[in-house]
Amino acid sequence: MMSLLIFLLTAFNCFLILKFVYQLVGLNENQLYKPIKIYTAVFITLFLLSFVEYFALITNLSFYWILSGLTILNAILFYYLRPSFAFDWLKQMAAAKTETKVVMVLVFAMSVFFYFHASKYGSFDAWALWNTHAKFLYYSHLWKRMFDDSSLMSHADYPLMLPSLVAFFWHSCSGASFIVPLLLSFSFVLLNALLIYHGLRKFTNAGYATIGMLIVVADPNFQIHNSAQCADTLLAMFILLCVILFSEDKQDSISTAIIMGIIAAACTWIKNEGDLFFMMFTIVFLIKYAKNPKFICCYFAGVVLPMLTTLSFKLFFSPPNDLVAGNKDLLHQTLGRLIDPSRYTILLKMGLDVLVSNFWILIVLVLLVAVFRRGSLITLPFILLYMVFAGYVVILITTPHNLQWHIHNSVDRLILHIYPAFVFLTVVALFKANFFKFQGEPSFNRQDKKWPA
């Protein structure tokens, strides 16, 4: 009976947090597409729940104290914010019967694929790393033992968003059941595809949005990666949302700037590769809004909490990253690797093999954009993804590990991080002719006004 009460109370608190975040996301943002507001609220809520679990660990608070604190805080917010529980967007979707049916068919197809292909305990990385880390966090009195294993395969330096989310929901269920990471993995599968659909639906019609969603739904390699119970899918979702928000933001919207700061910085709490994306996104953001210091200040205001979370973990708990530790004392060797043409040859050959065999649809989409909308390929959203991709290339070229082993074990996952964002940008570039301004800065029209994208 107590376990059921804890579960119900946790579920209700999570729902209230989601509702309050959704309400705050809408401040000063009356024209933001409602489904995108919902996804934004969901992603911020995931980060907040992860932060709550991490805060409980570092302060040595039991889950019951945390749950009590959340209940009191939600009661206070409920009194002052008085949230509305009307879901008009659901009525709008239900009214679009044909469109809703098509989306539901694709969701059903994803669900069937997941049922027959998802492993009970996920891939090797899931049960050896992510779910093992979650077990350390679940048994909070032992969580620092995670850092005692200094072997390369333990990866104790990996950020903790996914493990802390699993541990949080394990606490709410009063047991470390395999169902929790499995359901989280399934929810990420749905969110990835639906976010692509609604991101495209914001700028194109339902037919083109369905094409974009169908690309990822019908891609078995993408779906298998998504069902692996690893953090790569979670990072891909956050990167995709950043690209969508970056493409539709309005310079007079303070909330959009803060949201982009939260989502981009939260990538650093998901995987180490999120550090690279956050740096590249910040550079592009600063270039675009160099003449808008207020917008930049709001962006960095959103960065604060996620970045402090990651930095506290990296500075006070986690061991050094294996790539950084392997390179920092051998700078001359790192530079030697960087100028060694044979390493580029190996990376090019193995990388092309992965691209052609696993991500051929991405090659086709980019080629189509190059032929029919080539100007869009030199706009800031695309340049952002090029920079991330180039950063991955530098990391692989300079790796202190065996190059072929590192490429074999990481290239497909690295491409997966930016794959949904590339699908979104290429589809919208192909089917929305006025989305980008082909000579320079991207733009799209809204009621005879041109907004930067």
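The values are calculated or read from the model by the stated rules, or taken from the named source; none is laboratory data. The shown structure was predicted, so the numbers you read here are calculated from the model rather than taken from an experiment. Counting neighbours? That spans all protein chains shown, and the Cβs are built from the backbone with ideal geometry, glycine included.
Within the range 357-388, the residues that satisfy the criterion of being in a helix (DSSP H, G or I) and among the aromatic types (Phe, Trp, Tyr) are TRP360, PHE372, PHE382, TYR386. Residue pairs whose Cβ atoms lie under 7 Å apart, sitting 6 or more positions apart in sequence or on different chains, and linking a residue in the range 382-409 that is without any contact (Cβ under 8 Å) to a residue 40 or more places away in the chain to a partner that is crowded, with 17+ Cβ neighbours inside 10 Å, are PHE389/ILE418; HIS406/LEU396; HIS406/THR399.
Looking at the structure I just gave you, is PHE222 of a type in the set (Phe, Trp, Tyr), surrounded by 20 or more Cβ atoms within 10 Å (Cβ to Cβ), in a helix (DSSP H, G or I) and under 17 Å from the mean Cα position of the chain (by Cα)? Judged against the criteria, PHE222 is a match.
The single condition from (1) buried (at least 16 other Cβ atoms within 10 Å of the Cβ); (2) under 30 Å from LYS432 (Cα atoms); (3) of a type outside the set (Lys, Arg) that GLY207 fails is (1). Considering ARG413, ARG374, ARG446, the condition of being more than 24 Å from HIS198 (Cβ to Cβ) and modelled with pLDDT under 90 is satisfied by ARG374 alone. When the test is whether a residue is within 18 Å of LEU311 (Cβ to Cβ) and either more than 11 Å from the chain's Cα centre (by Cα) or assigned to a helix (DSSP H, G or I) (or both), MET279 passes it.
Here is a check on your reading of the model: is PHE169 closer than 23 Å to VAL21 by Cβ and at pLDDT below 85? Here the answer is no, as PHE169 does not meet what is asked. In the set (1) in a helix (DSSP H, G or I); (2) surrounded by fewer than 21 Cβ atoms within 10 Å (Cβ to Cβ); (3) modelled with pLDDT under 95, LYS250 fails one condition alone, (1).
Scanning the range 339-363 for residues that are among the β-branched types (Val, Ile, Thr) and exposed (fewer than 12 other Cβ atoms within 10 Å of the Cβ), we see that the one that is modelled with the highest pLDDT is THR345.
Pairs needed: first member in the range 257-269, outside any helix (DSSP H, G or I); second member anywhere, buried (at least 24 other Cβ atoms within 10 Å of the Cβ) and not charged (D, E, K, R); C-beta distance under 9 Å; at least 6 residues apart or different chains. Pairs found: none. Against the list (1) part of a loop (DSSP other than H, G, I, E, B); (2) under 29 Å from SER3 (Cα atoms); (3) within 22 Å of the chain's Cα centre (by Cα), the condition GLY175 fails is (3). Number of residues in the range 54-104 that are under 25 Å from the mean Cα position of the chain (by Cα), β-branched (Val, Ile, Thr) and at pLDDT 90 or above equals 1. Please go through the range 128-150 and pick out each residue that is in a helix (DSSP H, G or I) and of a type in the set (D, E, K, R). Answer for the range 128-150, where residues must be in a helix (DSSP H, G or I) and of a type in the set (D, E, K, R): LYS135, LYS144, ARG145. Screening PRO420 with (1) at pLDDT 90 or above; (2) more than 17 Å from SER247 (Cα to Cα) gives one miss only, at (2).
Sub-9 Å Cβ pairs linking a first residue in the range 212-237 that is within 17 Å of CYS267 (Cβ to Cβ) to a second residue that is among the aromatic types (Phe, Trp, Tyr) and outside any helix (DSSP H, G or I), at least 6 apart or interchain, are ALA231/TYR158, ordered by first then second residue. What number of residues within the range 423-443 satisfy the criterion of being over 15 Å from ILE244 (Cβ atoms) and either buried (at least 18 other Cβ atoms within 10 Å of the Cβ) or at pLDDT below 65 (or both)? Within the range 423-443, residues that are over 15 Å from ILE244 (Cβ atoms) and either buried (at least 18 other Cβ atoms within 10 Å of the Cβ) or at pLDDT below 65 (or both) number 9.
For (1) surrounded by fewer than 21 Cβ atoms within 10 Å (Cβ to Cβ); (2) touching a helix residue (DSSP H, G or I) at 6+ places or on another chain (Cβ under 8 Å); (3) among the β-branched types (Val, Ile, Thr); (4) at positive phi, each residue gets a yes or a no:
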site: SER255; (1), (2), (3), (4): yes, yes, no, no
site: ILE262; (1), (2), (3), (4): no, yes, yes, no
site: GLY274; (1), (2), (3), (4): no, yes, no, no
site: MET280; (1), (2), (3), (4): yes, yes, no, no
site: TYR289; (1), (2), (3), (4): yes, yes, no, no
site: ALA301; (1), (2), (3), (4): yes, yes, no, no
site: LYS314; (1), (2), (3), (4): yes, no, no, no
site: PRO319; (1), (2), (3), (4): yes, yes, no, no
